[in-house]
Amino acid sequence: MSLRKNNYYLLSLGCSKNTVDSESIGQVLAQNGMRGVENPNRAEVLIVNTCGFIDAAKQESINALRELVDGKRDGQMVIAAGCLSQRYGSNLVQEVPGLDGVIGTRRWMDIFDLVGRLRDRKHPEPLYHLPTDAKVVGLDERGVLRTSVQGSSAYIKIADGCRRPCAFCAIPKIKGTAVSRPMESIVREAVHLQEQGIKEILLIAQDSTDYGYDLGLKDGLAHLLDAIVDAAPGIPWIRVMYAYPGYVTPGLMETMAKHEQVLPYLDIPLQHGHRDTLLRMKRPAKIEWVYDTIGKLRTAMPELCVRTTFIVGYPGETDAEFEGLMQFVRDLQFDRVGAFKYSYEIGTPSAKLPNQVPDDVKQERYERLMELQQGISLAKNQLMVGKTIDVLVEGHGISEDEDGNDTGETLSLGRSYRDAPEIDGYVITEGELPVGEIVPVRVTGATTYDLIATADTRAPFVIQPGKAYGEGMISLDSISE
Ligand code: SF4
């Protein structure tokens, strides 16, 4: 297969924020006459936008780089970009001998300069570009969009970096402190996406609730939402991801509640539910604040969907602390929960903590938490049975019978306001609905994570107690209209 000069291959790993960086890197290369290809064998420049957050992600990045280096041919160069590069710099070459270039996540916009230097180099030594200045965010974007379009949805990166002191997290070391992008840039991108017919935008950052702090704004995220709603009234759905406990202000609640475009969905990683564990995590430990705020949010938006994440097995986590977390989850009945076993991260304060929890205890606690949440998630989904909800249709499939045989019946796969892409559930609707459109469906069944629905919203829907609607029987008191 002939190798084409000016072709680049880019593999994007890690989180949605990295996906946005990858798309921006692609735009910078395109500005300089390069063309993206799917097949690395046809590319001159091979780039992996790496993730350096936790061990598993780091290993995935290293494996991807090694694979490209092993398959490298004359005239090709392999570049490591992203968080792993920023975190380990030249040490990365020891892990991946044969690497040609290493560029940090903070200066992704200099990618073509590095390609140029690699093309001109007179020796096989790798070249590095690892400036640590974080203050470039929003100021030196080379006129590219800081967005990532996925079907009819698009992520907009509103800030980068983080100023929080979470003891288990390496991101502030990798990305530097929190730097907000200018509001006018973000609003311009929202208007651009509206013109593209985008139906849902997701606002992302390491900590979206810190937006504008460094710009001297109070309640910056609320002001940003007002500005986007004002400028892009044609975007039906606006979703806020990555809120930080203690920073979901009355102003933000009010703004979310008053704008129909802003989905009643909040992703707020809490990480634990016991005060002592949170104190060792250097996370906000006012548990009563969480009860109070979730209560206020649910009053302001009764249909609110709350997503959160927890870490089990954090150093020093006692049985009592873990039971405290379990009770916290029972009390607050979150709609969506992501759980992680604590990952020992060299260079983070928690790595030095005593009483590291054994893996088997972590696993047992992880399973218990997930089991508890699965029951809650199913019960919450069952409350949706009989309701008519809007669904963003994302694709089609063919249903299977209980023996796994195709029934030939077309199903549509979509998401409701309760489902963020890639991390939450789906709404599975019989029939072929228009992909990319938001359509009303009637929920006819529930499973632990997904909903079953019909496009026929006019037909009266009577719930018969004791009849199975998806998983589990519907009891009388779970009927809601
Ligand atoms: S808020 Fe998130 S990104 Fe920032 S330090 Fe804490 S865990 Fe890391």
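Among the numbered criteria (1) more than 16 Å from the ligand (Cβ to nearest atom); (2) part of a loop (DSSP other than H, G, I, E, B), which single criterion is violated by residue 163? In the conditions (1) more than 16 Å from the ligand (Cβ to nearest atom); (2) part of a loop (DSSP other than H, G, I, E, B), residue 163 misses (1) alone.
Please enumerate the residues belonging to the stretch 326-355 that are at pLDDT 95 or above, open to solvent by 60 Å² or more (accessible area, probe 1.4 Å) and either assigned to a loop (DSSP other than H, G, I, E, B) or touching a Pro at 6+ places or on another chain (Cβ under 6 Å) (or both). Scanning the stretch 326-355 gives 333, 354, 355.
In the stretch 81-88 there is no residue matching the filter, namely being in contact (Cβ under 8 Å) with a residue 40 or more places away in the chain, in contact with a Lys or Arg (Cβ under 7 Å, 6 or more places away or on another chain), open to solvent by 10 Å² or more (accessible area, probe 1.4 Å) and not assigned by TED's automatic domain parsing to the domain that holds residue 33.
Which one of 437, 422, 394 is at pLDDT below 95, under 21 Å from residue 238 (Cβ atoms) and under 24 Å from the mean Cα position of the chain (by Cα)? Being at pLDDT below 95, under 21 Å from residue 238 (Cβ atoms) and under 24 Å from the mean Cα position of the chain (by Cα) holds for just one of 437, 422, 394, which is 422.
Residue-wise test of (1) modelled with pLDDT of 95 or more; (2) open to solvent by less than 40 Å² (accessible area, probe 1.4 Å).
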| site | (1), (2) |
| --- | --- |
| 122 | no, no |
| 129 | no, no |
| 137 | no, yes |
| 141 | no, yes |
| 145 | no, no |
| 152 | yes, yes |
| 156 | yes, yes |
| 164 | yes, yes |
| 170 | no, yes |
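Can you spot a residue in the stretch 428-438 that is among the polar types (S, T, N, Q), within 30 Å of residue 372 (Cβ to Cβ) and assigned to a loop (DSSP other than H, G, I, E, B)? No, every residue in the stretch 428-438 fails to be among the polar types (S, T, N, Q), within 30 Å of residue 372 (Cβ to Cβ) and assigned to a loop (DSSP other than H, G, I, E, B). Here 296, 286, 258 are screened, and the one residue that is over 27 Å from residue 389 (Cα atoms) and open to solvent by 10 Å² or more (accessible area, probe 1.4 Å) is 286. Take residue 80 and tell me if it is among the small types (Gly, Ala, Ser) and more than 24 Å from residue 174 (Cα to Cα). No; evaluated as a whole, the condition is false for this residue. For the stretch 56-68, residues that are among the aliphatic types (A, V, I, L, M), open to solvent by less than 20 Å² (accessible area, probe 1.4 Å) and in contact with a strand residue (DSSP E or B) (Cβ under 6 Å, 6 or more places away or on another chain) total 2.
The values are calculated or read from the model by the stated rules, or taken from the named source; none is laboratory data. This is a predicted model, so every value here is computed, not measured. Virtual Cβ from ideal backbone geometry, glycine too; neighbours counted across all protein chains shown. Note: accessible area is taken over every heavy atom of the protein model, side chains too, but ligands, DNA and RNA are not part of it. Shrake-Rupley method; radii C 1.70, N 1.55, O 1.52, S 1.80 Å.
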